[in-house]
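Each remark here refers to the structure printed beneath this line.
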Amino acid sequence: MVRRFLPWPLPALLAWAAAWLAFVALQRAHLPAAWALVLACGLGTAASVLGGTWWQRGLIAAGFPLSLALTGAAGLPAWAWLVPLALLLLVYPLNAWRDAPLFPTPPDALNDLPDAAPLEPGARVLDAGCGLGDGLIALRQAYPLARLEGLEWSRPLRWLCARRCPWAQVHWGDMWRADWSGYQLVYLFQRPESMARAAAKAQAEMAPGAWLVSLEFAVPGWTTHGQLHHAPGGRPVWVYRMPGGTPL
Ligand SMILES: C[S@@+](CC[C@H](N)C(=O)[O-])C[C@H]1O[C@@H](n2cnc3c(N)ncnc32)[C@H](O)[C@@H]1O
């Protein structure tokens, strides 16, 4: 949502300016330089979720520490330069990079989903890898009566998502270790390479008639129950039904 109102490179410029302001203000408040660096880098790294691509995110997060290093403005110990890297790993843990980087579900992408995958009121729905909550927001728009849950591996993203989606239960954890058996619909926006693993997990755990829904990436070798093409950017939404459910 914020990205729509802040075209590139505004998010980067604002994030760098905010990080510099914070750094200067914290030092004036007599905080040790290393702590001012940690907090200002934290601000830049948190703002990196405003970037639409990995390049943009990297630039937003790296802008402040790089410019600080170039200006030589702070007499910091050598270890302090590990801080930006550690913060990046906290927001984007390595196993989450392997599965899918942070790209949000576009608004309105799932509006037609209930036609293809109807659910009873109160059905449990999981966004596996819920990021900042855009998928949960789109699911809520589609299924206002569902019980929505999100699962996210990055702790800061989970925290932000829980603030953005107070009507959902947002858990921290690895979606591959979570039990999917209690969900009537599991929603994914991951990577092509993750789809075979997700399909095997869904088949092993989900109840007959439950739905596996994937934005953009299809399950190789599976027949779809339905496919939506209305998602912005021409992204397809693939809908699969676990075998053995009652006919619709
Ligand atoms: C492409 S984003 C999709 C975010 C959200 N589902 C949406 O559609 O707006 C993928 C998210 O999955 C998370 N993720 C990747 N691997 C994960 C895992 N094994 N367990 C939990 N979350 C994971 C990433 O951190 C990232 O936030």
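Some points to look at:
- Accessible area per residue in Å² at 1.4 Å probe, computed on region 123-248: 46 Å²
- Portion, in percent, of the accessible area of region 113-241 that falls on carbon or sulfur, probe 1.4 Å: 51 percent
- Each peptide in 167-179, 148-160, 128-140, 32-44 gets a packing score, the mean of other Cβ atoms within 10 Å over its residues, and the list from highest to lowest is 128-140, 148-160, 32-44, 167-179.
- For region 167-235, the relative contact order works out to 34 percent when only alpha carbon pairs closer than 8 Å and six or more residues apart are counted.
- Take the Cβ atoms of Leu31 and Thr246, set R0 to 51 Å, and the FRET efficiency comes out at 0.20.
- Dipole magnitude (debye, nearest 20) for region 113-241, charges at Cβ of Lys, Arg, Asp, Glu: 240 debye
- Taken along the Cα-to-beta-carbon direction at a fixed 7 Å, the label points for Trp167 and Trp54 span 3.5 nm.
- Rel. contact order, % - alpha carbon contacts under 8 angstrom, at least six apart, region 113-241: 22 percent
- Between the beta carbons of Arg155 and Leu21, assuming R0 = 25 Å, the FRET efficiency works out to 0.45 to the nearest 0.05.
- ³J(HN,Hα), Karplus 6.51/-1.76/1.60, whole Hz, each residue of region 201-213, x for Gly, Pro: 5, 4, 5, 6, 10, 7, 6, x, x, 6, 10, 10, 10
The values are calculated or read from the model by the stated rules, or taken from the named source; none is laboratory data. These figures come from a predicted structure and were not determined experimentally. Don't worry about glycine lacking a Cβ; one is built from the backbone with ideal geometry, like all the others, and counts go over all protein chains shown. The protein model used for the area step is the full one, side chains on, heavy atoms only, and it has no ligands, DNA or RNA in it. Shrake-Rupley method; radii C 1.70, N 1.55, O 1.52, S 1.80 Å.
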